[in-house]
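First up is the structure itself, then whatever we jot down about it.
The values are calculated or read from the model by the stated rules, or taken from the named source; none is laboratory data. Predicted model only: the values in this text are computed from it and were never measured. Every residue, glycine among them, receives a Cβ derived from its backbone with ideal geometry; neighbour counts consider all protein chains shown.
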Amino acid sequence: MDYLFDPSTLAAATAADDATRADQLSVDDIGCKYRLRPLCLTDYALGYLDLLSQLTVTGSVTQQMYANTFDAMRNNSGTYYIIVIEDTEENCIVATGSLTIEKKFIHQCGQRGRIEDIVVHSNCRGKRFGKIVVQRLIALSRVLNCYKISLECKDSNVNWYSSMGFVREPGNSNYMQIRSYLFQLIAFCYSYTPTRNVN
Ligand SMILES: CC(C)(COP(=O)(O)OP(=O)(O)OC[C@H]1O[C@@H](n2cnc3c(N)ncnc32)[C@H](O)[C@@H]1OP(=O)(O)O)[C@@H](O)C(=O)NCCC(=O)NCCS
């Protein structure tokens, strides 16, 4: 398998994951039809982009574009940790989440993590897959010695993340952004299907 990062790092996180280790979903677990593992180059064919499109606009990503980004991420060793849950019977990806590591000069040249792009396939929600993915990413951040991890989410998901230990620190929980209107325009164009007159 062509993994984005070394599966032994994920195995170490699984062993250290007190919250969801009992769910027995891991790279080495062949007894279960669901496997939790690092993203693979071949996951494009297993519907990884389709799954992401249930989270946000993906645009039109060709297999070559996917492969180029995958290689760029993999070559940035120690930075990109994307995990997936694969349904090995249906041959599709049903859940995913990512942990991105930033190296710092502060905190004794420490590193911090950002959790992003958490999504579970609409047919598989409510099976604890989302929780397993997030808890495994938290365990991964501990194995990688992050001094903190953070995420941004919709109001409707605050309680869900709170149930996994994330807190809004008083006086320090503002999230600000500048969006590129060019990208919004491109996303709009991709999502716009003109109504055709068939006559
Ligand atoms: C949010 C999401 C990832 C949750 O995944 P999931 O696998 O369905 O959730 P889980 O089964 O792990 O949830 C576990 C528990 O949290 C509860 N829960 C789920 N979503 C919740 C929410 N938004 N707020 C509060 N509780 C929630 C479940 O009811 C379940 O409770 P239980 O253990 O008492 O049965 C999924 O709904 C999804 O993909 N949504 C669309 C994309 C999205 O919003 N992603 C998050 C971006 S910040």
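Side notes on the structure shown:
- Meets criteria (more than 13 Å from the ligand (Cβ to nearest atom), surrounded by fewer than 20 Cβ atoms within 10 Å (Cβ to Cβ), among the polar types (S, T, N, Q) and in a strand (DSSP E or B)) for THR69: no
- The number of residues in segment 127-159 being of a type in the set (S, T, N, Q) and over 22 Å from LEU52 (Cβ atoms) comes to 2.
- Verdict on LEU46 being in contact with a Cys (Cβ under 7 Å, 6 or more places away or on another chain), more than 16 Å from the ligand (Cβ to nearest atom) and of a type in the set (A, V, I, L, M): yes
- Being surrounded by fewer than 17 Cβ atoms within 10 Å (Cβ to Cβ), farther than 20 Å from SER150 by Cα and either in contact with a strand residue (DSSP E or B) (Cβ under 8 Å, 6 or more places away or on another chain) or free of Cβ contacts under 8 Å to residues at least 24 places away in the same chain (or both) is a property that ASN76 has.
- Elements of the type helices (runs of 4 or more DSSP H) sitting completely within segment 96-192 and holding at least 3 residues that are farther than 20 Å from LEU39 by Cβ: these cover 106-109, 158-162, 181-191.
- Candidates are the residues of segment 106-128 that are near the ligand (Cβ under 6 Å from one of its atoms) and touching a residue at least 60 places away in the same chain (Cβ under 8 Å); the one that is nearest to the chain's Cα centre (by Cα) is ILE118.
- Test: ASN172 is without any contact (Cβ under 8 Å) to a residue 60 or more places away in the chain, loosely packed, with under 10 Cβ neighbours inside 10 Å and more than 8 Å from the ligand (Cβ to nearest atom): yes
- Of all the numbered requirements in (1) surrounded by 20 or more Cβ atoms within 10 Å (Cβ to Cβ); (2) at pLDDT below 95, VAL27 misses one, and that requirement is (1).
- Residue match in segment 8-18 (condition: touching a residue at least 12 places away in the same chain (Cβ under 8 Å), more than 22 Å from VAL143 (Cα to Cα) and either among the aliphatic types (A, V, I, L, M) or surrounded by 15 or more Cβ atoms within 10 Å (Cβ to Cβ) (or both)): no
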